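Asks: Have a look at the structure that comes next, please.
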Amino acid sequence: MSSEAMSSDSCDIETCETKFCQLKTKERIGTINPIFTCQPAGAQYASIGIKDCIGIVHGGQGCVMFVRLLISQHLKESFEIASSSVHEDGAVFGATGRVEEGIDVLLARYPHVRVIPIITTCSTEIIGDDCDGVVNKLEEGLLQEKYAGRDVHLLVIKTPSFVGSMVSGYDIAVRDFVKKFAHKTEPNGKINLITGWANPGDVKELKHLLAEMDIDATVLFEIEDFDSPIMPDGSAVSHGGTTIEDLQDTGNALGTIALNRYEGGKAAQFLQKKFKMPTIIGPTPIGIRNTDTFLRNLKEMTGKPIPPSLVKERGIALDALADLTHMFLADKKVAIYGNPDLVIGLAEFCLDLEMKPVLLLLGDDNSTYGKDPRIQAIQAGVDFPMEIITNADFWELERRIKDGDIELDLILGHSKGRFVSIDYNIPMVRVGFPTYDRAGLFRHPVVGYGGATWLAEQMANALFTDMEYKKNKEWVLNVW
């Protein structure tokens, strides 16, 4: 496993700081306007990447309704997910019967369904519903009696909302899907590529890089088709593309590359331990430097050379960045919030562009952030005041702006933080999940050489537009 996967270096979040860069937890108790939502949301996002899969969320109706709204707003597509719709009586007397009834309805209504994950929530974890027992009961009863001959797989994904976040929920779900299905038969000559919480545009870009290197890969999870067409037959429901057979075959791969430490790292570690499989975790291929590392990792794992076509793509991206960096992006102060792997990757990219990411906001209280070698490298390398705040919320960002603790030229993050941008007249580039107040962002990658070009141009154009709104002249952006 690469050093990116795990680090034994000790660094307590409460005290981890260097001369310029501090890593610390939010000082306040409680949350004002959270950056993340809860664990079941991450499990639901993972489940939509699997073909012939409809998850059933065991909890209140809102545990599905609000998450589905977020995902639908983000991807602008319709998809299928179910709820056990637990009410007051279930909270008192137990609600496993709602799961049994829900699975029966799903199988009867959707003949194509082969995978049903039971995604638990805070309420059903607190009351202690035995979902594992429900699976055993259904496998011995309903599936054999009513659905004999159907290839149906049930699994429980335990994601109580009172711990972790949507990030850890995604990580747990990917591990549990792989753990459920992966087994060893014959070597398949493929690699496993665990994308993390990606957009369709990211998956498309990653598959392009793999195709250029002539590498066959099992992509977990395949959500490229969520950029769905409207077909003559009127179909309007999007489905993931990763099959049960793909998941089963993950045990036969040459090796595993997980692009994100916190979104797929658990699955990569499981495959390494279970099948003694070569495994590389990270870095997230955002920017030139990290994309270079990703391609070198592919070359090392498969023996395939990096082709001239990708060298040319790299050169085109470098030329695009050179057009912008020194003249327009250098020394611009940035705040970044969102999923940790995304935030760290964006911060590394900004540093490479001579920008100053003065504030990074990570929306959960993961105690291992201080041991992340990427964060340690950022701390060791910056020469300007910088804060990395864990368990953060949007009030942490707003307070620093309001009190004058920081001055910002740009904000990078998802649409939930837009009101800070609006209220304080700071330009913002939408990136991450969810983004719903800009059109088509899910089609554009943030990874790879194409993602590096797109991100840099988005940042520059946001600064140009802000200059116009504030009636500043060109010299503000160092044109003259």
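The values are calculated or read from the model by the stated rules, or taken from the named source; none is laboratory data. This one's a predicted model, so the numbers in the text were calculated from it and none came from an experiment. So basically every Cβ, Gly included, is an ideal-geometry build from the backbone, and we count neighbours across all protein chains shown.
Asks: With the condition kept exactly as written, say whether any residue in segment 419-436 is of a type in the set (V, I, T), free of Cβ contacts under 8 Å to residues at least 40 places away in the same chain and part of a helix (DSSP H, G or I).
Replies: Within segment 419-436 (the criterion being of a type in the set (V, I, T), free of Cβ contacts under 8 Å to residues at least 40 places away in the same chain and part of a helix (DSSP H, G or I)), the answer is yes, since at least one residue qualifies.
Asks: Does D341 qualify as being in the same structural domain as I389 (by TED's automatic domain parsing), under 21 Å from A380 (Cβ atoms) and acidic (D, E)?
Replies: yes
Asks: Quick one: is E145 outside the structural domain of G196 (by TED's automatic domain parsing), surrounded by fewer than 15 Cβ atoms within 10 Å (Cβ to Cβ) and more than 21 Å from I223 (Cβ to Cβ)? Let's see the steps before the verdict.
Replies: On the way: outside the structural domain of G196 (by TED's automatic domain parsing): yes; surrounded by fewer than 15 Cβ atoms within 10 Å (Cβ to Cβ): yes; more than 21 Å from I223 (Cβ to Cβ): yes.
In short, yes.
Asks: Mind checking whether some residue in segment 98-106 is at pLDDT below 95, in a loop (DSSP other than H, G, I, E, B) and not aliphatic (A, V, I, L, M)?
Replies: Checked against the condition, which is being at pLDDT below 95, in a loop (DSSP other than H, G, I, E, B) and not aliphatic (A, V, I, L, M), segment 98-106 yields no hits at all.
Asks: All but one of (1) among the hydrophobic types (A, V, I, L, M, F, W, C); (2) more than 17 Å from the chain's Cα centre (by Cα); (3) farther than 30 Å from G404 by Cβ hold for M355; which doesn't?
Replies: With (1) among the hydrophobic types (A, V, I, L, M, F, W, C); (2) more than 17 Å from the chain's Cα centre (by Cα); (3) farther than 30 Å from G404 by Cβ applied to M355, the lone miss is (3).
Asks: Let me ask something additional. Can you spot a residue in segment 23-35 that is modelled with pLDDT of 90 or more, assigned to a loop (DSSP other than H, G, I, E, B), of a type in the set (V, I, T) and in contact with a helix residue (DSSP H, G or I) (Cβ under 6 Å, 6 or more places away or on another chain)?
Replies: Among the residues of segment 23-35, at least one is modelled with pLDDT of 90 or more, assigned to a loop (DSSP other than H, G, I, E, B), of a type in the set (V, I, T) and in contact with a helix residue (DSSP H, G or I) (Cβ under 6 Å, 6 or more places away or on another chain), which makes the answer yes.
Asks: Continuing with the same structure: Of (1) aliphatic (A, V, I, L, M); (2) in contact with a helix residue (DSSP H, G or I) (Cβ under 8 Å, 6 or more places away or on another chain); (3) within 27 Å of S161 (Cβ to Cβ), A392 satisfies all except one. Which?
Replies: For A392, the exception is condition (2).
For (1) over 15 Å from A43 (Cβ atoms); (2) more than 28 Å from the chain's Cα centre (by Cα); (3) not assigned by TED's automatic domain parsing to the domain that holds R438, each residue gets a yes or a no:
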position	(1), (2), (3)
V64	no, no, yes
S85	yes, no, yes
G97	yes, yes, yes
L107	yes, yes, yes
Y110	yes, yes, yes
C122	no, no, yes
I126	yes, no, yes
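Asks: Here is a further query. Among the residues that make up segment 215-232, is at least one of them more than 21 Å from F442 (Cα to Cα) and surrounded by 24 or more Cβ atoms within 10 Å (Cβ to Cβ)?
Replies: Checked against the condition, which is being more than 21 Å from F442 (Cα to Cα) and surrounded by 24 or more Cβ atoms within 10 Å (Cβ to Cβ), segment 215-232 yields no hits at all.
Asks: Checking the structure you have, find out if any residue of segment 288-301 is β-branched (V, I, T), out of contact with any helix residue (DSSP H, G or I) (no Cβ under 8 Å at 6 or more places or on another chain) and touching a residue at least 40 places away in the same chain (Cβ under 8 Å).
Replies: From segment 288-301, those β-branched (V, I, T) are 288, 291, 293; that's our starting set.
Next cut, out of contact with any helix residue (DSSP H, G or I) (no Cβ under 8 Å at 6 or more places or on another chain) only: 293.
Keeping just the survivors that are touching a residue at least 40 places away in the same chain (Cβ under 8 Å) gives none.
No, there is no match, as no residue in segment 288-301 is β-branched (V, I, T), out of contact with any helix residue (DSSP H, G or I) (no Cβ under 8 Å at 6 or more places or on another chain) and touching a residue at least 40 places away in the same chain (Cβ under 8 Å).
Asks: Condition first: of a type in the set (A, V, I, L, M), more than 23 Å from the chain's Cα centre (by Cα) and surrounded by fewer than 19 Cβ atoms within 10 Å (Cβ to Cβ). Now tell me which residues in segment 371-400 satisfy that.
Replies: A380, V382
Asks: Return a yes/no flag: does segment 271-283 have any residue that is at pLDDT below 95 and in the same structural domain as G196 (by TED's automatic domain parsing). Full working, then the answer.
Replies: Quick first cut of segment 271-283, residues at pLDDT below 95 only: 282-283.
If we keep only those that are in the same structural domain as G196 (by TED's automatic domain parsing) as well, we get 282-283.
For segment 271-283, residues at pLDDT below 95 and in the same structural domain as G196 (by TED's automatic domain parsing): present.
Asks: Filter segment 81-115 down to the residues that are in contact (Cβ under 8 Å) with a residue 60 or more places away in the chain and surrounded by 13 or more Cβ atoms within 10 Å (Cβ to Cβ) and list them by number.
Replies: V113, R114, V115, listed by residue number.
Asks: Wholly within segment 206-323, which helices (runs of 4 or more DSSP H) include no fewer than the required count, namely at least 2 residues that are touching a Ser or Thr at 6+ places or on another chain (Cβ under 8 Å) and under 28 Å from Q44 (Cα atoms)?
Replies: Details: elements: 244-249, 265-275, 287-302.
In segment 206-323, 244-249, 265-275 are the helices (runs of 4 or more DSSP H) which contain 2 or more residues that are touching a Ser or Thr at 6+ places or on another chain (Cβ under 8 Å) and under 28 Å from Q44 (Cα atoms).
Asks: Of everything in segment 377-394, what is in contact with a strand residue (DSSP E or B) (Cβ under 7 Å, 6 or more places away or on another chain) and not in a loop (DSSP other than H, G, I, E, B)? Give them in sequence order. Walk me through it before giving the result.
Replies: If we filter segment 377-394 for residues that are in contact with a strand residue (DSSP E or B) (Cβ under 7 Å, 6 or more places away or on another chain), which is where we start, we get 378-379, 382, 384-393.
Correct list: I378, Q379, M386, E387, I388, I389, T390, D393.
Asks: Here are some conditions: (1) charged (D, E, K, R); (2) over 22 Å from G381 (Cα atoms); (3) assigned by TED's automatic domain parsing to the domain that holds M428; (4) buried (at least 22 other Cβ atoms within 10 Å of the Cβ). E263 meets all but one. Which one does it not meet?
Replies: All conditions are met except number (3).
To keep it simple, each residue is scored yes or no on (1) at pLDDT below 95; (2) over 16 Å from Y262 (Cα atoms); (3) over 20 Å from the mean Cα position of the chain (by Cα).
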position	(1), (2), (3)
A148	yes, yes, yes
L154	no, yes, yes
V167	no, no, no
F181	no, yes, yes
K190	no, yes, yes
W197	no, no, no
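Asks: Since G42 meets every condition but one in (1) farther than 18 Å from I118 by Cβ; (2) in contact (Cβ under 8 Å) with a residue 40 or more places away in the chain; (3) in a helix (DSSP H, G or I), which condition does it not meet?
Replies: G42 satisfies every listed condition except (1).
Asks: Take T390 and tell me if it is over 30 Å from L210 (Cα atoms) and without any contact (Cβ under 8 Å) to a residue 24 or more places away in the chain.
Replies: Against the criterion (over 30 Å from L210 (Cα atoms) and without any contact (Cβ under 8 Å) to a residue 24 or more places away in the chain), T390 does not qualify.
Asks: Return the pair list, or none, for Cβ contacts closer than 6 Å from residues in segment 120-146 that are farther than 18 Å from A108 by Cβ to residues that are exposed (fewer than 12 other Cβ atoms within 10 Å of the Cβ), at least 6 apart or on different chains.
Replies: These pairs meet every condition: C122/F162.
Asks: Let me ask something else about it. List the residue pairs whose Cβ atoms are under 6 Å apart, where the first residue sits in segment 305-331 and is in the same structural domain as P357 (by TED's automatic domain parsing) and surrounded by 13 or more Cβ atoms within 10 Å (Cβ to Cβ), the second is assigned to a helix (DSSP H, G or I) and small (G, A, S), and the two are 6 or more positions apart or on different chains.
Replies: A317/A452; L321/A456; L324/A456; L324/A460; F328/A460
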